[in-house]
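Take a look at the structure below.
The values are calculated or read from the model by the stated rules, or taken from the named source; none is laboratory data. Please read all numbers here as calculations on a predicted model, not as lab measurements. Backbone-built Cβ (ideal geometry, glycine too); neighbour counts: all protein chains shown. Each accessible area value is taken on the protein alone, full model and side chains, heavy atoms only, with ligands, DNA and RNA left out. Shrake-Rupley method; radii C 1.70, N 1.55, O 1.52, S 1.80 Å.
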Amino acid sequence: MDRFLVLFAREPEREAREKGFATAAAAELFSAFASGWLEASAATGARLVVAAPSEDLTAWRRRLPADRDIVWIAQSGRSFGDRLRRVAERATSLGGHSILVGGDVAPDSEAARQAFEALERGADAALSPATDGGVSLIGVSAKDVDLLAALSVGQSHAFATLSSLLTSRCRSIAVVSPAFDVDGRIALRRLLQGAPFSVFRSLARRALHAEPRPSFAPPPFVRPSLLAAPSGLRAPPPAA
């Protein structure tokens, strides 16, 4: 098999938490996305590769069928871009062509098919733009995986940045159908309006109607008598 579809993702519960959703409701949605990409890989004649932080791999193995031929890769690196670059290096070393999608991207077998076919026809890269200016699907050759280190989480101009870097090397770029990603509640509402994703409508509604998790915990109650007392606490150390 010379096609590899790489799901670059945290496990669904962690994905949900970090996007501000109530975990139980949205985790099912992100798990369904992964299952959809597994089916998209079969529909496009590709093998699914799951690339996740090492601590998330056990949870992923529980969510995806044990009888499917899935490649597992542990992410490593100090930044998002560095982890993406390292995963792309591993994927391209498998041979053939590989495309990467995020765990928050709604499965789209047609976008995947277009990307694989463009690379097989000789394009140096295949990219799918996200609606917010990011990039949802990436296919690059081994000679250009180093460019992925320039990307960062939530980068609103990621598509333009990566396109510009590839163009500066005179690479040919195939832009394929936009793939919708869910980076928060507003994006999820947009996905609900799209007919192609009706299969996720019930899960999406449940995720939206659940109470969002607070971004920080409320301060603990402090007895008034302690407010005037000197504190023995030190300021936290500077971030590493």
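Annotations
- Residue satisfying condition, being at pLDDT 80 or above and either open to solvent by less than 100 Å² (accessible area, probe 1.4 Å) or of a type outside the set (Lys, Arg) (or both), within set ARG205, ARG185, ARG201: ARG185
- Count - residues of the stretch 58-88 that are part of a helix (DSSP H, G or I), open to solvent by 60 Å² or more (accessible area, probe 1.4 Å) and within 18 Å of PHE4 (Cβ to Cβ): 2
- Pair list, Cβ under 9 Å, 6 or more apart: the stretch 17-43 residue aromatic (Phe, Trp, Tyr) and modelled with pLDDT of 95 or more, other residue open to solvent by less than 20 Å² (accessible area, probe 1.4 Å) and part of a helix (DSSP H, G or I): TRP37/ALA112
- Residues in the stretch 1-57 that are assigned to a strand (DSSP E or B) and out of contact with any Ser or Thr (no Cβ under 6 Å at 6 or more places or on another chain): ARG3, LEU7, PHE8, ARG47, VAL49, VAL50, ALA51, ALA52, PRO53.
- Single match in ARG83, ARG62, ARG78, ARG68 (criterion: at pLDDT 95 or above and either in contact with a Cys (Cβ under 8 Å, 6 or more places away or on another chain) or not β-branched (Val, Ile, Thr) (or both)): ARG83
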